Every structure is written in structure tokens, then in C-alpha cells.
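Inspection log for the structure reproduced underneath, given as C-alpha cells.
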Amino acid sequence: MKESRNVESFALDHTKVRAPYVRLAGKKTGPNGDIVTKFDIRFCQPNEEFMTTGGIHTLEHLMAEYIRDEIDGVIDLSPMGCRTGFYFTVFGGRDEEYIAEKIRNVLVKVAAWPETEEVPGVDPVMCGNYRDHNLSDAKAWAAKWVEGIDNKGWQCF
Ligand SMILES: [Zn+2]
């Protein structure tokens with residue numbers, strides 16, 4: 001097993017975590033004193049399950065739309081290449097419980113998104129792969145995350 005000196009997530013033992021969860025993945029202070037925190041928002045149990053590309057893509061569009069209503073200072077929400085979750089980066093020193101509560105609010109809305117309503121940003125002008133979306137998968141993963149968090153709490157391990 002080749003270790004990484006540079007990538008935080010390579011130091012995480014993915015066999016020890018229990019999805020779904022919210023995990024503080026990093027906290028940095030910039031030269032002007034601004035604090036930036038990064039969270040691992042995991043939906044799928046690593047190496048056991050993963051989302052379809054259409055499902056995680058639609059989830060990205062809907063979460064990106066709603067998360068900014070819940071939290072000030074959002075920097076970025078990006079899907080992980082392994083398709084098991086998202087990285088969420090925000091200004092300020094936030095804790096996992098706070099982020100889990102806000103993400104839960106977002107995912108409750110996503111799970112209830114009407115099948116007939118258009119997903120924001122799904123067209124060739126606003127999206128880089130607008131044909132690759134799957135609303136029912138996105139809704140199912142949102143519902144599963146909420147159910148899992150409610151059953152076990154936000155903790156990772
Ligand atoms: Zn897109």
C-alpha cells in the first residue's frame with residue numbers, strides 16, 4: 001500500500017467508517033486569519049456501494065441550489081470521484097453536528113423534490129453533461145442519508 005504525504009483522504013481508513021456521516025476533513029487558516037473548514041459528507045459505505053453518475057450529478061445540482069439557503073459562506077460542494085459522497089467547504093470554524101443538521105435540511109427537500117419539476121441547471125448552457133442526470137436515484141440517496149443519520153446520528157465511526 002503506497003502512502004500519500006499530501007492527500008488527507010488517503011490517510012482515512014475507509015474500512016473503519018460507517019456511512020452515512022459528516023466528518024471534519026480539514027481546517028485551515030489563511031494569511032489574513034480567515035478560517036476555512038472542509039467536510040466529508042458520505043452517502044455510501046466505501047467499497048460496498050456507490051452512486052450512479054446520473055444520481056450523484058443530480059444530487060450535486062439540487063444540493064448546490066439548496067445548501068446556500070441553509071449556510072452562509074459556502075465555498076464549494078463537489079462530488080467525490082469514487083461516487084460515495086461529497087466534499088463541502090465553507091468559511092468559518094463549523095462543527096460536524098451543525099453541518100449535519102444543515103445538510104439534513106437540504107436532503108429532506110431533495111428527497112421530496114417532485115418528479116415533474118425541473119432540476120436547476122440541467123441544460124447545455126449551465127451544465128457540462130446535462131444528459132447524465134437521474135432524479136430518482138438522487139432522491140433515493142437523499143432519503144437514505146436522512147434515514148441513516150436519524151438512526152445512527154452524524155458520527156463517522
Ligand atoms: Zn451538471
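The values are calculated or read from the model by the stated rules, or taken from the named source; none is laboratory data. The model shown is predicted, which means the values in this text are computed figures rather than measured ones. Glycine also receives a Cβ, built like all others from the backbone with ideal geometry; neighbour counts cover every protein chain displayed. Protein only, heavy atoms only, side chains kept; ligands, DNA and RNA dropped before computing areas. Shrake-Rupley method; radii C 1.70, N 1.55, O 1.52, S 1.80 Å.
The number of residues in region 39-76 that are open to solvent by less than 40 Å² (accessible area, probe 1.4 Å), within 16 Å of the ligand (Cβ to nearest atom), under 24 Å from R18 (Cβ atoms) and in contact with a Lys or Arg (Cβ under 9 Å, 6 or more places away or on another chain) comes to 5.
Restricting attention to region 139-155 and to residues that are surrounded by 17 or more Cβ atoms within 10 Å (Cβ to Cβ) and within 23 Å of H14 (Cα to Cα), the residue that is farthest from the ligand (Cβ to nearest atom) turns out to be W154.
Before we move on, is L135 within 16 Å of the ligand (Cβ to nearest atom) and crowded, with 20+ Cβ neighbours inside 10 Å? In short, yes. Tell me whether region 86-101 contains one or more residues that are within 12 Å of the ligand (Cβ to nearest atom) and either at pLDDT 95 or above or closer than 20 Å to Q155 by Cα (or both). Looking for residues that are within 12 Å of the ligand (Cβ to nearest atom) and either at pLDDT 95 or above or closer than 20 Å to Q155 by Cα (or both), one finds none in region 86-101, hence no.
Could you tell me which of the residues V108, V119 is open to solvent by less than 40 Å² (accessible area, probe 1.4 Å) and within 21 Å of V74 (Cβ to Cβ)?
Just one listed residue meets the conditions, V119.
Pick out the one residue from F86, F91 that is touching a Pro at 6+ places or on another chain (Cβ under 6 Å), closer than 29 Å to D13 by Cα and surrounded by 14 or more Cβ atoms within 10 Å (Cβ to Cβ).
F86
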